[in-house]
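Some notes on the structure that comes next.
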Amino acid sequence: MKKVALVTGAKGGIGSAITKGLVEEGYRVVAAFSPGNEACAQDWFAENNYTADQVRMLALDVTDTEMCKSALLQLTQEEGSVDVLVNNAGITRDSVFKRMEANQWTDVINTNLNSLFNVTQPLFAAMCEKGNGRIINISSVNGVKGQFGQANYSAAKAGMIGFTKALAFEGAKSGTTVNAIAPGYTATPMVEAIRPEVLESIKAEIPMKRLATPEEIAGAVIYLASDVGGYITGETLSLNGGLYMQ
Ligand code: CAA
C-alpha cells in the first residue's frame, strides 16, 4: 500500500519538484491546485506523464476554511489516510510597507499562513491516530531574516515557523513530526518575477552566488517525510546557499 502525500501549490516551481520527488520515492501524491485552474492542472499532469495511480489532482482553495474541511475529510475517507502533508502553497505581493494596500497584506496572510489552519486542521487528528505522520511547512529565509518590501510575506513565513514548533508538541507522542523548510531564493517563476536588477543585487549577497534548484528543496522534503527522518520535529531546515546562517 502506497503512502499518500498531499502537496498544496503542487503545480508551482517548488511544488512541482516536490511532487515529482515524492512520486519517484513511491508515494501516491494528491496534488492540490487553486480552483479555476483545471485546464492548466490537466496540462501539468499530462506534461509530467503521471498516471492516476501516482497523482490525484485536487482543486482546493487553501484560503477557504469550509471547503478545505469538507474536501479533506472526504479525501481521507477515499484515500484511507494522508500520511504526509506538505503545506507549500504561497504567494508574494511585494511592496514597500508605506505603499502596501490592505489586500496585499490579507491575501498573503490568508494564502501563506491561514491556509495552515485550513489544510492541517481537518487532517491532523487522523494523522496522529494512525501515527508516524509527517507535516512539512514550506517557509522561507525571509521569514527568518526579514526582507525589504516583504513585511506581509515575512510575517506569514515567520508565523509558519511558530505554528510548526507549537504543533510539533501536539504530534510528538504519536510520532507525527512537524517541521518547516526555509528555502532561500530558488529558481522558480516567483523569484524570476523580481526586477532583474533587484534580483542581481540579491544574488550578489548569496555566498554561493546562485539560486537553489527546486530539486534541492524537494530533497529536504523527501528526507523529512522519510522513516529515517522520524526523530526530527519542530525544526526549521534552512537551504539558502549561506544567505542567512543562524
Ligand atoms: N535595503 C534597503 N533599501 C532598499 C532595499 C534593500 N534591500 N531595496 C531597495 N531599497 C531602497 C531603494 O534603494 C530605493 O531607495 P531610494 O528611494 O532612495 O532610491 C527604495 O528602497 C525603493 O526601492 P525600489 O525602487 O526597489 O522600490 P519599488 O517600489 O520599485 O519596489 C519592491 C519595491 C517591489 C519591494 C522591490 O524592492 C523588490 O522587488 N524587492 C525584492 C523583494 C524580494 O526579495 N522579494 C522576494 C520574492 S521571491 C520570494 O519571496 C521567495 C522566497 O521565499 C525567497
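The values are calculated or read from the model by the stated rules, or taken from the named source; none is laboratory data. Remember, it's a predicted structure, so these values are computed and weren't measured experimentally. Positions of Cβ are backbone-derived with ideal geometry, glycine not excepted, and every protein chain shown enters the neighbour counts. Protein only, heavy atoms only, side chains kept; ligands, DNA and RNA dropped before computing areas. Shrake-Rupley method; radii C 1.70, N 1.55, O 1.52, S 1.80 Å.
I'm checking my understanding of the structure. Among residues of the range 142-167 that are of a type in the set (A, V, I, L, M, F, W, C) and either assigned to a loop (DSSP other than H, G, I, E, B) or free of Cβ contacts under 8 Å to residues at least 40 places away in the same chain (or both), which one is most open to solvent (accessible area, probe 1.4 Å)?
Kept after step one, since they are of a type in the set (A, V, I, L, M, F, W, C), are these residues of the range 142-167: 144, 148, 151, 155-156, 158, 160-161, 163, 166-167.
Add one more test, that the residue is either assigned to a loop (DSSP other than H, G, I, E, B) or free of Cβ contacts under 8 Å to residues at least 40 places away in the same chain (or both), and what stays is 148, 158, 166.
Values: Phe148: 170, Ala158: 43, Ala166: 54 Å².
By that ranking, first place goes to Phe148.
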With respect to Ser115, determine if the residue is open to solvent by less than 50 Å² (accessible area, probe 1.4 Å), hydroxyl-bearing (Ser, Thr, Tyr), over 24 Å from Gly229 (Cα atoms) and under 14 Å from the mean Cα position of the chain (by Cα).
yes
Residue pairs meeting the criteria (Cβ under 6 Å; at least 6 apart or on separate chains; first surrounded by 15 or more Cβ atoms within 10 Å (Cβ to Cβ), in the range 169-196; second acidic (Asp, Glu) and at pLDDT 95 or above)
Asn179/Glu235
Note on Gly21: of the conditions (1) in contact (Cβ under 8 Å) with a residue 40 or more places away in the chain; (2) more than 18 Å from the chain's Cα centre (by Cα), unmet is (2)
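Looking only at the range 73-102, filter to residues that are within 16 Å of the ligand (Cβ to nearest atom) and polar (S, T, N, Q); which one of those is most open to solvent (accessible area, probe 1.4 Å)?
As a first pass, look at the range 73-102 and keep what is within 16 Å of the ligand (Cβ to nearest atom): 86-101.
Then keep just the ones that are polar (S, T, N, Q); that gives 87-88, 92, 95.
Details: Asn87: 6, Asn88: 19, Thr92: 39, Ser95: 21 Å².
Filtering the range 73-102 for residues that are within 16 Å of the ligand (Cβ to nearest atom) and polar (S, T, N, Q), the one most open to solvent (accessible area, probe 1.4 Å) comes out as Thr92.
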Per-region count, the range 191-212, residues touching a helix residue (DSSP H, G or I) at 6+ places or on another chain (Cβ under 8 Å) and closer than 30 Å to Ala168 by Cβ:
2
Of the listed residues (Glu216, Glu200), the one being under 19 Å from Ala10 (Cβ atoms), of a type in the set (D, E, K, R) and within 16 Å of the ligand (Cβ to nearest atom) is Glu216
Scan the helices (runs of 4 or more DSSP H) fully inside the range 168-246 and keep the ones with 1 or more residues being under 15 Å from Val86 (Cα atoms) and modelled with pLDDT of 95 or more.
214-225
Subset of the range 15-36, residues open to solvent by 20 Å² or more (accessible area, probe 1.4 Å), of a type in the set (Gly, Ala, Ser) and over 18 Å from Pro183 (Cα atoms), comes to Gly26, Ser34, Gly36
